[in-house]
Structure formats: C-alpha cells, structure tokens
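The values are calculated or read from the model by the stated rules, or taken from the named source; none is laboratory data. These figures come from a predicted structure and were not determined experimentally. Cβ atoms come from the backbone with ideal geometry, glycine included; neighbour counts cover every protein chain shown. Quick note on the areas: whole protein, heavy atoms, side chains included, nothing else; ligands and nucleic acids left out. Shrake-Rupley method; radii C 1.70, N 1.55, O 1.52, S 1.80 Å.
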Amino acid sequence: MQKNAWTYTMTGTVFAAAAVMLRWLQVQMIFDPETGLPTLHAPITTLLIAVLVLVAAALWWLSGRMKTDCAPEEPEDALAQPHRETGWILIAVAALAAIGSAYLFFKEENTLMKAAALLGILSAPVLAMLPQLPRWGGFGAALSVLPVLFFCLWLVVFYKENAANPILWSYGMEILAIAMCLLAVFRLSAYLFYRAKPRQTIFACMLALITSLATLTDSVSLGARAVLGGWGIGAAVMCWVIINNFVPPAPEEDTY
C-alpha cells in the first residue's frame, strides 16, 4: 500500500503549501499597517476559507479511496515502523516539538501555559515512540494520552487568553491548528485502546499538517511554531505509516 501512502500524504503536502501561500497573502493584505485592524470581507479571506473547505472535502473524499477496510486490527501491526528512516524523522520532529515546548515554558508567564508547556515537553518523546507504544501494553496506551492532555490544556489556555480579542484572524488559524493537532493525536491514541478508525485518523493527521504549517506565516511565538510544526509533520508521517501498513486484499482464487 506504499503507493496509496505516498499519494495521500503528498496530496496533503501540496494542499498545505497552497494554504501557507494563501495565509501569507492574507496576512500581508488584510491588516491595516496603522490600526492593525483587518479589512472586512476581503477577497483573499473569502478565498482562503473556500480553499480550506475544499481541501478538507477533497481529503475526506480521497481518504475513502485508500482502502481503509484493509487496515490491520492489531495496533502493533497498524503502527509498525516500516523503515529505520521513518523513526529518525519522528525523532527529529519530536525534538523540534520538545524544544518549542521548552521555549514556551521559559518564556510564558501564565502558570497554566507553563503547565501546558511542561506537558508538551513530556509528550514530545511519545511522538517519537508512537510505532513502539503498542508493544508496551497498558503503559503504552497511558503514554499515548499525554499528547491529548497537552493539546486539550493548550487549547483551553489559548482560547482563554484570546477570547476577548475582537480580531479573529489574528489568532484564528493558530487555534484551528491546535484543535486539528488535538484531533489527530486523539485518533492516534485510539489505536492503543483498540478503537482505531483509519479513515478518520489519516484525515485528521493531514488536516493537522495543513493547519500547522499555515500558522508559520502568522506572528505567533517561535516556540508555538516549533511545537505545531513538529506535531503537524509528525502526524503526517504517522498518516503515511498507517496507510503503508494496510494489508492488500488477497486475490480471489478461480473456482472451476
């Protein structure tokens, strides 16, 4: 199923590049340099929203053609690391996420945000070890919950800090990226609890990649960019791993 894995992840990567470009254009065009307020009903904003909706629809349609009914039932088979290089990529992006979380921990003054950043530091190794977690039984399942708790707390704290901000587009893409990463790690964690839903998982992982990379053009902190970038790319790698591990259906034998 390696062809399908490359098809889906590369399609998502192309969509991510388009989202990054459109988000960058939006940031450059809609905000008034003197007041900092966005232009209402700007065409680039309408285009960005339309593209994101179409991208989500296209990814969901394509996920239905990935033969998700061929996914292994056992978590150890579904998340198995096919190549050593895959592990090195996961280690690299996990290190990036850990560095970003550490940056947030030392830079943020909000106590809850520090707690979230600490959870982010503890969660980063889980990203690197995802293919190995099924071998650890209940302990591996418990570890897989750490990223879910991290993104849940980050989402709550981030919304609390920005709820009074009337300029939605100044933080909207970042909160969307956090929410999509939360959805992705939740679906990945479900594999360890034998509640896997392959189609929803690969869809959530690619949405995490697209929204996370789109935040790179925003004026967010360096730590947040590193965390979202690391987890977004890591989710895309796990998407590739999951599809790659689909078992091709056995050919039907001719009966005479």
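Summary of computed values
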item: Selection within segment 152-169 - open to solvent by less than 50 Å² (accessible area, probe 1.4 Å), part of a helix (DSSP H, G or I) and either in contact (Cβ under 8 Å) with a residue 60 or more places away in the chain or in contact with a Phe, Trp or Tyr (Cβ under 9 Å, 6 or more places away or on another chain) (or both); result: Phe158, Asn162
item: The one condition in (1) surrounded by fewer than 16 Cβ atoms within 10 Å (Cβ to Cβ); (2) within 26 Å of Val227 (Cβ to Cβ); (3) among the hydrophobic types (A, V, I, L, M, F, W, C); (4) without any contact (Cβ under 8 Å) to a residue 60 or more places away in the chain that Ala57 fails to fulfil; result: (2)
item: Total residues in segment 172-186, condition farther than 13 Å from Trp154 by Cβ and open to solvent by less than 30 Å² (accessible area, probe 1.4 Å); result: 3
item: Those residues of segment 130-140 which are touching a residue at least 24 places away in the same chain (Cβ under 8 Å), open to solvent by 10 Å² or more (accessible area, probe 1.4 Å) and part of a helix (DSSP H, G or I), in sequence order; result: Pro134, Arg135
item: Segment 215-233 - residue that is aliphatic (A, V, I, L, M) and part of a helix (DSSP H, G or I) and, of those, surrounded by the fewest Cβ atoms within 10 Å (Cβ to Cβ); result: Leu222
item: Extreme residue, most open to solvent (accessible area, probe 1.4 Å), among residues of segment 75-126 that are closer than 18 Å to Asn244 by Cα and aliphatic (A, V, I, L, M); result: Ile89
item: Unique residue being closer than 25 Å to Phe158 by Cβ, assigned to a helix (DSSP H, G or I) and modelled with pLDDT of 90 or more when the list is Ala19, Ala92, Ala58, Ala50; result: Ala19
item: Tally of residues being in contact (Cβ under 8 Å) with a residue 60 or more places away in the chain and farther than 23 Å from Gly232 by Cβ across segment 74-100; result: 2
item: Of the criteria (1) assigned to a helix (DSSP H, G or I); (2) of a type outside the set (Lys, Arg); (3) more than 30 Å from Lys3 (Cα to Cα), which one Glu109 fails; result: (1)
item: Residue satisfying all of: in segment 22-47; in a helix (DSSP H, G or I) and in contact with a strand residue (DSSP E or B) (Cβ under 8 Å, 6 or more places away or on another chain); most open to solvent (accessible area, probe 1.4 Å) among these; result: Thr45
item: Residue in segment 182-198 that is outside any helix (DSSP H, G or I) and of a type in the set (Phe, Trp, Tyr) present; result: yes
